[in-house]
Structure formats: C-alpha cells, structure tokens
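Chemist: Please read through the structure below; I'll follow up with questions.
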Amino acid sequence: MELILAIDTSCDETSVAVTSGRKVISNIIVSQTALHAPFGGVYPTVAKREHESKLKPAITLALKRAYISLDQLSAIAVTFGPGLPPALEVGVRTAKELALEHNLPIIPVDHIEGHIYSVFAQNKNGKPMRDIIFPFLALIVSGGHTELVLVKNHIDYQILGETLDDAAGEALDKTARMLGLGYPGGAALERIALRGDSTRFHFPIPMPQRHDLNFSYSGLKTAMMRMLTAMNEKEKLQNIPHLAASFQNTVVISLIKKLEKAMREYPTQLVVLGGGVGQNALLAHQFRSTVRKLGAKPLTPAYRYLYGDNAAMIGVVAHFKLHNAIMIKTREKIEALDRVPRAHLDTWV
C-alpha cells in the first residue's frame, strides 16, 4: 500500500499528514493563531520558531495515529512554496533530513495545487467519492492568494488569472484590522457583517475596465481607508457592521464576476473552490449558485480542515505526482532542493 508522509509549513500552521492515494489516514494541524494575534498578522520569525519546535512532534503523532513507522513510507511530500520564506525553510529542511535518513524520494508540492486538490481528499473510509473530470476550473481564494486555474489533467495547469497586488483574503483581513475587529480578521469581519446592510455603502468593483481574469484589491482597501478617514469616531462605531457587510459583498461580487467570465471562456463540467476564504458563507453560496446556473458542478472541500493550510491536501497531490514520476530521488538533488517563496504552479511539473 502506498503511504506518503506530507508536510506543510507554508505559513502559520504546522501540519503533517499520512495519506494513501486520496485517503487521509491521519492529519495533524498545530495552529499559531493565538501567538500572532498580538501582532495583527503572521510574524515570520515567530512562525519559524514555532514550526521548529512543533514539526517533529507532529510527525511522530501523525505516524502514531496512522499506526505506521517511517520504514513503511513510499515517499515524503513537502510544500516548497509559495509561502513565508522562514516557515517554508523548516518544512523543506525537515523533509530533506527524513528522506536522506530513510532513503525515500521527496515529492515537492506547490501550495496552490494543494488547495486545488483539497476538494478530492477522502477520509480513511474513502468518502466522499468524487469523480475528477478534466478539464476543470479552480478558484483559489486564501489569505495570500487569489487565482483562477484551468486544470487540464493531473499536474497540468494553466493560470488564467491571479492577483496583481493584495489577495482577496488579505484585503478582508486588513479591512478587519482597520475596523478594529481583531485577528484573524476575515472571520471576524464575516461575523459582524451579518448584522450589517451590504447596500449601505458603495465600494467600487475592482478593475471594471479590464477584460482579463486577473484580480486586484489594493484599490478597494484604499477606498475603505478613505471612507473611514472621512468619518468621526461616532460615525465609525455606528457603521462598522454596514461597512463590513458592504466591503465583503464587493469582494465576493468581484470574485464571482471573474469566475463567470472564466466559465464562459473556458466551459467545463466541474468547477472547484479552494482556500481558506472559501469558508465564507456568502462566497460559498454565490459560488455554488453561479456554477450551477452556468451548467457545471460545484465542488468545495468535504471537511472544514481542508479549506485552510493543511498537509492532507499536499499528500493527495503527491499521490498523483508519484504516479507521474514527479519526484526527487538522488541524494545530490534532494540536498539541492530549496524553498521557493514565490513559486508558480509551473515551477515543479
């Protein structure tokens, strides 16, 4: 039986999983949220320190919960990018040490392709059963990434659009900070937006004159800053729910407009949504209704933990890479493997 140990330290979660094919046998996620909350965002040196102290215990626990030893593994998979350089370094270094010590190949995985394949991960009983129908479209929306990808076949990607500046999740987080909503910001902004009127304030849809599939959110964030500057403290406090609801609605509209355009230009039977922002209820609802309206099948991750950063999705990608012989076997090449903080989907194919 093929068994892969997968490692993800791309940002502020230390995650290790054992996978077999698309099945997740065990998955450990150690969150650093409480540590980064005082900074209002992820502090790279703190993230690195925590990964260094938590990764090896997480590996031990993941193996224990899967009832296996390192000698039973077929390969080590690791996120090599994109992500925070100090955080990625810890995962890549540890994967290399394990691979060399136990004579195992390394399978480098791009974090974005992990989010793409997150919707196909199964529990240890093989559920849910989801067919992979090529080609399919993927909308990835997270704190650091916003991308539209055409997946032509396993490990065969065409990036249709990506953010030119801030990612959608980053814009939501930074706006939450402006509104004094705490950290993590996106979830806090969504909660308070439930009490607001999304039509109370008007924010411009980003890049209305552009006809490509790229995204931009820095201008939208600036519009919020200007709106807040024009208000006194009383007005701000009274309008926080309405500002949150209006901003969130504009972000979702912009994402769905680009998705609709992509679906018309690249019609497919299947469209997937991945990334942490996919948990946003408004986005998830609009995504499903839009995809169905245009005649395709919408898919989102089956389990909540698969939305955010996790090693399970990395292991699922690694399964398909292993069967396409996309791996590093020799000592020389393993030692040369390095993090690629600004990796693109075609960095390792």
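Nothing in this text is a laboratory measurement; each read-out follows from the coordinates by a stated rule. Model, not experiment: these values are computed from the prediction. Reconstructed Cβ throughout: ideal geometry from the backbone, glycine too, with neighbour counts over all protein chains shown.
Chemist: Got a sec? How would Met225, Met178 order by Cβ neighbour count within 10 Å, fewest to most?
Modeler: Fewest to most other Cβ atoms nearby, the residues stand as Met225, Met178.
Chemist: Using θ = phi - 60° and the Karplus form 6.51 cos²θ - 1.76 cosθ + 1.60, what ³J(HN,Hα) does each residue of the range 122-137 get, whole Hz, x for Gly and Pro?
Modeler: 10, 6, 5, 8, x, 10, x, 8, 10, 6, 9, 10, 8, x, 9, 9
Chemist: Hey, in the GNM for the chain with a 10 angstrom Cα cutoff, which one of Gly40, Gly274, Gly186 fluctuates hardest?
Modeler: Looking only at Gly40, Gly274, Gly186, the largest GNM fluctuation is found for Gly40.
Chemist: What's the angle, to the nearest 10 degrees (0 to 90), between helix 168-178's Cα axis and the longest principal axis of the chain?
Modeler: Roughly 60 degrees between the two axes.
Chemist: As a footprinting exposure proxy, order His145, His211, His111 by other Cβ within 10 Å, with the fewest listed first.
Modeler: Starting with the residue having the fewest Cβ neighbours, the order is His211, His145, His111.
Chemist: Taking the radius of gyration and the Kirkwood hydrodynamic radius from Cα positions alone, what is the Rg/Rh ratio for the chain, to two decimal places?
Modeler: 0.98
Chemist: Then there is this: Can you tell me the 0 to 90 degree angle between the C-alpha axis of helix 44-66 and the longest principal axis of the chain, rounded to 10?
Modeler: 50 degrees
Chemist: Next up: Identify which of Ile133, Ile29, Ile107 has the largest mean-square fluctuation in a Gaussian network model of the chain, with springs joining Cα atoms closer than 10 Å.
Modeler: Ile133
Chemist: Let me ask something else. If each DSSP helix of 4+ residues adds -39,500 (n - 2.57) and the sum is divided by the residues in the chain, what number results at 222 nm, nearest 500 deg cm²/dmol?
Modeler: -13500 deg cm²/dmol
Chemist: Could you give the length gained by full extension between His211 and Lys333, i.e. 0.36 nm per residue of separation minus their alpha carbon distance, to one decimal place?
Modeler: 39.7 nm
Chemist: State, as an integer percentage, the relative contact order of the chain based on alpha-carbon contacts under 8 Å between residues 6 or more apart.
Modeler: The value is 25 percent.
Chemist: Now, a different point. Using only Cα atoms, find the angle between the long axis of helix 85-102 and the longest principal axis of the chain, and express it within 0 to 90 degrees, rounded to the nearest 10.
Modeler: 20 degrees
Chemist: Based only on Cα atoms, what mean projected area does the convex hull of the range 136-301 have, in nm²?
Modeler: That works out to 9.4 nm².
Chemist: Mind checking which of Lys96, Lys293, Lys152 has the largest fluctuation in a GNM of the chain, springs on alpha carbons under 10 Å?
Modeler: Between Lys96, Lys293, Lys152, it is Lys293 that shows the largest mean-square fluctuation.
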